[in-house]
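First comes the structure, then the notes that go with it.
The values are calculated or read from the model by the stated rules, or taken from the named source; none is laboratory data. Computed from a prediction, not measured in an experiment: that's the story for all the values here. Note that we place each Cβ from the backbone using ideal geometry, even for glycine, and neighbour counts take in every protein chain shown. Ligands, DNA and RNA are stripped out before the accessible areas are found, and what is left, the full protein with its side chains, is counted by its heavy atoms. Shrake-Rupley method; radii C 1.70, N 1.55, O 1.52, S 1.80 Å.
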Amino acid sequence: MKRTAFIAMAAFVVTMASAQVATSTQAWQTRHDAIEKRVSEIGKQYEELSKSDAGREKLKQIADEYYAEMDKLVDLAKEVVKDGSDMEMAKKLVGEVGEIVETEDLALLMPKDAPYYNAPELEKVRKRIEMLALRAPGVTYTDLKMPDLNGKERALSEWCGKGNYVLVDFWASWCRPCREEMPNVVEAYKRYHGKGFDVVGVSFDANKDAWQKAVSDLGLEWHHISDLKGWQCAAAPVYGIQSIPSNILVGPDGKIVAADLRAEALLSKLAEIYKD
């Protein structure tokens, strides 16, 4: 093949590849825009209904629709990252979902060798990765010492690493999602406490009366500790807690087995452990 013919063919291949990337990017952008539009619509619906007497079930339905759309956005981000032909689009999508995806998905979307890993606009995502590493499976739990409801100083080491599975539950009386999650924790405690399962609630409250009332009202019969410092709670930097509810499941040997188990995921994990 003559040199001029080779150069022409190479240029043609590059042009075709660029065209394919452009086509893919356009398709991804179209999907992204459709999801973004729907999320905006859902947000407005939720805001309007939350001011009315729409009822809890209707609000839950709208919330479920929101999560379904966000799942679509996460799937799109995975697809773009895996394709690898448009790292700018990948960076943009990772920035949009990186602070909400589960730990496993975050590892796929933002591996340390990703060309966009150190991008300035992804600083918050990198920070989240650092925080999640503090409560990753296999990491030995870090002890915390705080007063209990009676003012007596207690430590996680009184319960963790003593041969049983212990759920360390980070919550607060003022946190609505925490209160909505509590029936699942109560069910898990009732079902498996007799088999050795235990729970320690670490509250991000600042008001002791509110904390104590919530424990009573919600029927939380397990151990409770708090330094009553709100978001300045000592547990936050130790376990990378940036939002609540959150939790870690500590194994009999004191190593973290799982983190942020909620709803059916908690009961499913315990059923697996106790072969229920």
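Key figures
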{"item": "Pair list, Cβ under 6 Å, 6 or more apart: the stretch 256-276 residue on the phi > 0 side of the Ramachandran plot, other residue open to solvent by less than 50 Å² (accessible area, probe 1.4 Å) and small (Gly, Ala, Ser)", "result": "Asp260/Ser246"}
{"item": "Residue in the stretch 218-231 that is under 25 Å from the mean Cα position of the chain (by Cα), assigned to a loop (DSSP other than H, G, I, E, B) and basic (Lys, Arg) present", "result": "yes"}
{"item": "In the stretch 232-262, the residues that are over 16 Å from the mean Cα position of the chain (by Cα), over 28 Å from Gly151 (Cα atoms) and open to solvent by less than 50 Å² (accessible area, probe 1.4 Å)", "result": "none"}
{"item": "Output for the stretch 55-94, where each listed residue is open to solvent by 30 Å² or more (accessible area, probe 1.4 Å) and in a loop (DSSP other than H, G, I, E, B)", "result": "Gly55, Gly84, Ser85"}
{"item": "The stretch 95-107, subset assigned to a loop (DSSP other than H, G, I, E, B) and open to solvent by 70 Å² or more (accessible area, probe 1.4 Å), residue nearest to Ala258 (Cα to Cα)", "result": "Glu102"}
{"item": "His193, sole failed condition from (1) under 18 Å from Arg176 (Cα atoms); (2) in a helix (DSSP H, G or I); (3) open to solvent by 70 Å² or more (accessible area, probe 1.4 Å); (4) without any contact (Cβ under 8 Å) to a residue 40 or more places away in the chain", "result": "(1)"}
{"item": "Among (1) in a helix (DSSP H, G or I); (2) surrounded by 22 or more Cβ atoms within 10 Å (Cβ to Cβ), the one test that Val215 misses", "result": "(2)"}
{"item": "The lone exception for Ala265 - which of (1) surrounded by fewer than 21 Cβ atoms within 10 Å (Cβ to Cβ); (2) assigned to a helix (DSSP H, G or I); (3) more than 23 Å from the chain's Cα centre (by Cα) it fails", "result": "(3)"}
